[in-house]
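Peer 1: This structure is in structure tokens; I'll ask about it shortly.
Every number in this text was worked out from the coordinates using simple rules, so none of it is lab data. No experiment lies behind these values; they were computed from the predicted model shown. Every residue, glycine as well, gets a Cβ built from its backbone with ideal geometry; the counts of neighbours run over all protein chains shown.
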Amino acid sequence: MRIILCVTNDMATDRRVSRIASSLVKLPAHVLVIGRDQGKQVPPVDHPFQIIRMKMLINKGPFFYAAFNIRLFFLLLCTKADILVANDLDTLPAVYLASLIKRSVMVYDSHEYFTEVPELVSRTWVKMFWERLESLILPRVKYSYTVSNSIANEYHQLYGIEMRVFRNLPYRIEKGTRSVYSSKKPQEKIIIYQGSLNMGRGLELAIKAMKFISNARLVIAGTGDVESELRELAGSLALHDKVEFTGRVSPENMLQYTRRADLGISLEEKLGLNYYYALPNKLFDYIQARIPVLVSDLPEMSAIVNRYGIGRVLHTRDAYELALVISEMLTDQSNGLTWRNNLEKAAQELCWENEEVLMLEFYRQVISESRYTAAQ
């Protein structure tokens, strides 16, 4: 069994694809991931799957997506595969056409509600293009899955398709001793945000709130499109001692940052349905690190926090009120003990080891049905 997964990134930090590819090897299958060479230094990691990175002359805009899909299409035609997996809408055209010509089974993995990402919400014509492309192909795709029930329900209402749900859960991490932050001041609390620094992540709000929070530091671990603007904001507010930017952190080192923290935040704004239905990796990473969480009042995230009792849901977008909530969480010893006890149960349940069982069952069903169809 040969399976090819296709992405437009460089696989350096795509933990979802890496986890899925590693799991599919257990079918057993030979797994190849095709992505893009973005010229970044990728730390050597032992993967049980093969990776091909295509170097592109154009790396953004409509010409990039067109060129990438053309190159991907011809590479797929020349590569043996039983199952082709398109990760997100930006690889779907090439994978879908190649699957038709090669008579391979196609699977679609929607990492997000692509046409509702903040970068597209205000760009009417670009958004319409992707929506049109999606409406042409997705109803014809038999096998698909996504990251949350809300997104699956949206696609069902739009196209009548039944998407499975496999969440972005990390591998289970056994409870360990919380390490001390290397430059931490006496009694200082650490608030962490980990992930991409993009618009709509609530980071401007979090930085402004630090003006009103005493004896705490906000650690922003990651890089992204608005990193320079965030650094300028922290500088303009004279928050150099209260806001720390780590830059790019490898997945292997991120846990060490998170385990040193006292609170994890995920404060996405309601910018389009993609963020509204967000169920981000970082929420589950905080859970595995056993740190309480503060999340936006969005349906998927708040449901996790309320179900397991592992933190609080934010009902304001005011910096001063946010500061009050954070300060209370950092000093509330009674609720803090309850949250940490509940985090242990959540960490045991919300892990990739459990999600992997469901995903492999799905792929075995795909393989079984495709073989039955081929035999007819």
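Peer 1: Which of rounded, prolate, oblate describes the stretch 189-349, given a ≥ b ≥ c as roots of the alpha-carbon gyration tensor eigenvalues and a/c under 1.5 marking rounded, otherwise prolate only if a/b is larger than b/c? Walk me through the numbers before you get to the answer.
Peer 2: On the way: a/c = 1.35, a/b = 1.28, b/c = 1.06.
Rounded, since a/c falls under 1.5.
Peer 1: Compute the distance in nm between two label points, each set 7 Å from the Cα along the Cα-to-Cβ direction, one at residue 348 and one at residue 22.
Peer 2: Each label point lies 7 Å from its Cα, and together they span 2.3 nm.
Peer 1: Next question. Please arrange 33, 165 by how many other C-beta atoms lie within 10 Å of their C-beta, fewest to most.
Peer 2: On the way: 33 23, 165 16.
Starting with the residue having the fewest Cβ neighbours, the order is 165, 33.
Peer 1: Which lysines, if any, have their Cα less than 22 Å from the Cα of residue 208, not counting same-chain residues under 8 positions apart?
Peer 2: 184, 185, 189, 242, 270, 282
Peer 1: Okay, moving on. Cβ under 12 Å from residue 76's Cβ, residue 76 left aside: what net charge do those residues give with Lys, Arg +1 and Asp, Glu -1? Intermediate results must be reported in sequence, preceding the final value.
Peer 2: Working: positive: 2, 71, 80, 102; negative: none.
Result for the neighbourhood of residue 76: +4.
Peer 1: Suppose we keep just the DSSP beta bridges with both residues in the stretch 189-349; what percent of those would be antiparallel, to 5? Write out the running numbers ahead of the final one.
Peer 2: Numbers: 1 of 20 bridges.
The antiparallel proportion sits near 5 percent.
Peer 1: All other residues with a Cβ under 14 Å from the Cβ of residue 230 taken together, and with Lys, Arg as +1 and Asp, Glu as -1, what is their net charge?
Peer 2: Working: positive: 201, 208, 231, 242; negative: 204, 225, 227, 229, 232, 244.
It works out to a net charge of -2.
Peer 1: Follow-up question, since we're still on this one. Relative contact order for the chain using alpha-carbon pairs under 8 Å, separation at least 6, rounded to a whole percent?
Peer 2: With pairs under 8 Å counted, the relative contact order is 14 percent.
Peer 1: Okay, moving on. Between the alpha-carbon centers of the stretch 238-261 and the stretch 144-172, tell me the distance in whole angstrom.
Peer 2: Cα centroid to Cα centroid, the span is 31 Å.
Peer 1: OK, next. Using only the alpha carbons of the chain, determine the length spanned along each of the three principal axes and report them from longest to shortest in whole angstroms.
Peer 2: 68, 42, 41
Peer 1: Farthest toward the dipole's positive end in the stretch 82-197, which of 101, 84, 135, given Cβ charges of +1 (Lys, Arg) and -1 (Asp, Glu) about the Cα centre?
Peer 2: Farthest towards the positive end: 84.
Peer 1: Among DSSP beta bridges whose residues both lie in the chain, state the antiparallel percentage, nearest 5. Mind showing how you got there, number by number?
Peer 2: Working: 1 of 46 bridges.
Rounded to the nearest five, the antiparallel share is 0 percent.
Peer 1: Could you put 313, 117, 147 in order, starting from the residue whose Cβ has the fewest other Cβ atoms within 10 Å?
Peer 2: On the way: 313 16, 117 21, 147 25.
Ordered by Cβ neighbours within 10 Å, fewest first: 313, 117, 147.
Peer 1: Right, here's the next one. If the chain between residue 328 and residue 212 were fully stretched, how many nm would it gain, using 0.36 nm times the residue separation less the Cα-Cα distance? Before the final figure, lay out each step's value.
Peer 2: Values: separation 116, 0.36 × 116 = 41.76 nm, distance 1.22 nm.
Additional length available on full extension: 40.5 nm.
Peer 1: Relative to the present Cα-Cα distance, how much length would full extension add between residue 250 and residue 79 at 0.36 nm per residue of separation? Please list the in-between numbers first.
Peer 2: Numbers: separation 171, 0.36 × 171 = 61.56 nm, distance 3.06 nm.
The span from residue 250 to residue 79 would gain 58.5 nm if fully extended.
Peer 1: Then there is this: Cβ neighbours within 10 Å, averaged per peptide: list 16-25, 124-133 in order, most packed at the top. Could the numbers behind the result be given before it?
Peer 2: Numbers: 16-25: 20.4, 124-133: 13.8.
Highest mean packing first, the order is 16-25, 124-133.
Peer 1: Could I ask something else about it? If we count other beta carbons within 10 Å of each Cβ, what is the order of 8, 79, 331, fewest first? Provide the component values of the computation, followed by the final result.
Peer 2: On the way: 8 22, 79 15, 331 12.
So the ranking, lowest neighbour count to highest, is 331, 79, 8.
Peer 1: Moving on. For the pair residue 131 and residue 102, what calculated FRET efficiency results from E = 1/(1 + (r/R0)^6), where r is the Cβ-Cβ distance and R0 = 30 Å, to the nearest 0.05?
Peer 2: Details: r = 27 Å, r/R0 = 0.90.
Once the sixth-power term is evaluated, E becomes 0.65.
Peer 1: Still on this structure, please answer the following. Count charges around residue 363 for me, please; just the other residues with Cβ under 14 Å from its Cβ, Lys/Arg as +1, Asp/Glu as -1.
Peer 2: Details: positive: 2, 19, 26, 142, 164, 364, 371; negative: 82, 109, 355, 356, 361, 369.
With Lys, Arg at +1 and Asp, Glu at -1, the net is +1.
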